[in-house]
Amino acid sequence: MAKLRDGEGKKQRLDKILSHVGYGSRSELRKQAKQGLITVNGVVQKDSGAHVDPYNDTIEVAGETVLYREHIYLMMNKPPGVLSATEDKRDRTVLDLLEERYTVFEPFPVGRLDKDTVGLLLLTNDGQLAHELLSPRKHVPKTYEALVEGEVGPDDVAAFAEGVRLDDGYVTLPAQLTILGRERGRQVISQISLTITEGKFHQVKRMFQAVGKKVIFLKRVSMGNLPLDANLPEGACRELTSEELKLLAEI
Ligand code: URA
């Protein structure tokens, strides 16, 4: 997995460090430094171009200790109706849901969920980690829960374990389908869990299409060893804990 503290021990310009973590532009920081608002290891530093070690020196701005990091790792419980893209002319994207203290790091979504899919979406500015999680060679498992029209049964479980042929002829890798329950109203709705180890476009929906069924609700509940935090409300986002980062590193 990617190193989490790139550049540790290297000195960098104070204004570069502070603008990276959202303390303003370089010219704003020059003014703040001149005003004596910035300290390094308890000593006022009036030169915003001074070189310091962002990990090992203690930097304070107006009395607030700066928590520096190069990378940010966010877990979002994606709501329906937003695109997992960085920008779009028409629709809102997941970045529009982030607080500024996160957007200053310029995170991007790790892979895509459909507009109507909800659940676990990671966002980071760590390109190496994103690349590893998405690499087709790594086969990182992703688990989804879904509601499917019709009666999902043992034949479907067997077909998914074998691999099904999608509409473009591609045969999927073995996937683990579990039937969680059924609702019997005017029509049968099956509740299922499905773990896949690849990420073809609309893969889950197309796998059910291949067995003549339709997904009507889709939620991603885990990626690698990292589960979605069940207490994170839809639309909310938070930083991963160090424990969760370790889980991701186990890929
Ligand atoms: N499979 C789908 O069909 N849609 C998603 O959003 C994710 C996986």
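Please state, to two decimals, what the Cα-based radius of gyration of the chain comes to when divided by 2.2 N^0.38 Å (N = residues).
Values: Rg = 22.7 Å, N = 251, 2.2 N^0.38 = 18.0 Å.
For the chain, the normalised Cα radius of gyration comes out at 1.26.
Would the range 83-140 count as rounded, prolate or oblate if I go by the C-alpha gyration tensor, calling it rounded below 1.5 in a/c and otherwise prolate when a/b exceeds b/c, oblate otherwise?
Numbers: a/c = 2.23, a/b = 1.34, b/c = 1.67.
Verdict is oblate for the range 83-140.
Taking only protein heavy atoms and a 1.4 Å probe, the accessible area of the chain is 48% carbon and sulfur. The dipole here belongs to the range 12-65: it is taken about the Cα centre, uses +1 on the Cβ of Lys and Arg and -1 on the Cβ of Asp and Glu, and is about 280 debye.
Please label the shape of the range 118-246 as rounded, prolate or oblate, based on the square roots a ≥ b ≥ c of the eigenvalues of the alpha-carbon gyration tensor (a/c under 1.5 means rounded; beyond that, a/b larger than b/c means prolate, else oblate). Oblate, since a/c reaches 1.5 and b/c is not below a/b.
Using 1/(1 + (r/R0)^6) with R0 = 30 angstrom and r between the beta carbons of Phe108 and Val40, what's the FRET efficiency to the nearest 0.05?
Working: r = 32 Å, r/R0 = 1.05.
Plugging the Cβ-Cβ distance into 1/(1 + (r/R0)^6) gives 0.40.
Surface calculation, 1.4 Å probe, protein heavy atoms: Asp91 sits at approximately 40 Å² accessible. Restriction of the GluC sites (Glu not before Pro) in the range 45-127 to DSSP coil positions whose beta-carbon has at most 15 other beta-carbons within 10 angstrom yields Glu87, Glu99.
Rolling a 1.4 Å sphere over the protein heavy atoms, what is the accessible area per residue of the chain, to the nearest Å²?
Working: 13340 Å² over 251 residues.
Each residue of the chain exposes 53 Å² on average to a 1.4 Å probe.
Which order do the peptides 191-200, 157-166 take when ranked by the mean count of other beta-carbon atoms within 10 Å per residue, highest first?
On the way: 191-200: 17.6, 157-166: 15.5.
The packing order, highest mean first, is 191-200, 157-166.
For the range 12-65, rounded, prolate or oblate, judged on the Cα gyration tensor with a ≥ b ≥ c (square roots of eigenvalues), a/c < 1.5 rounded, else prolate if a/b > b/c? Since a/c stays below 1.5, the shape of the range 12-65 is classed as rounded. Other residues with beta-carbon under 12 Å from the beta-carbon of Glu145 carry, at +1 per Lys or Arg and -1 per Asp or Glu, a net charge of +3.
Here the peptides 102-115, 28-41 are ranked by packing, the mean other Cβ count within 10 Å, and the order with the highest first is 102-115, 28-41.
Segment Glu234..Arg165, full-extension length gain: 21.5 nm, with 0.36 nm per residue of separation and the alpha-carbon distance subtracted. Taken one residue at a time, the phi angles of the range 24-33 give Karplus couplings (6.51, -1.76, 1.60, θ = phi - 60°) of x, 6, 4, 5, 5, 5, 4, 5, 4, 5 Hz. Gly and Pro are set to x.
The values are calculated or read from the model by the stated rules, or taken from the named source; none is laboratory data. Since the structure is predicted, the reported quantities are computational estimates derived from the model, not experimental observations. We place every Cβ from the backbone using ideal geometry, glycine too, and count neighbours over all the protein chains shown. These accessible areas exclude ligands, DNA and RNA; they are computed on the full protein's heavy atoms, side chains included. Shrake-Rupley method; radii C 1.70, N 1.55, O 1.52, S 1.80 Å.
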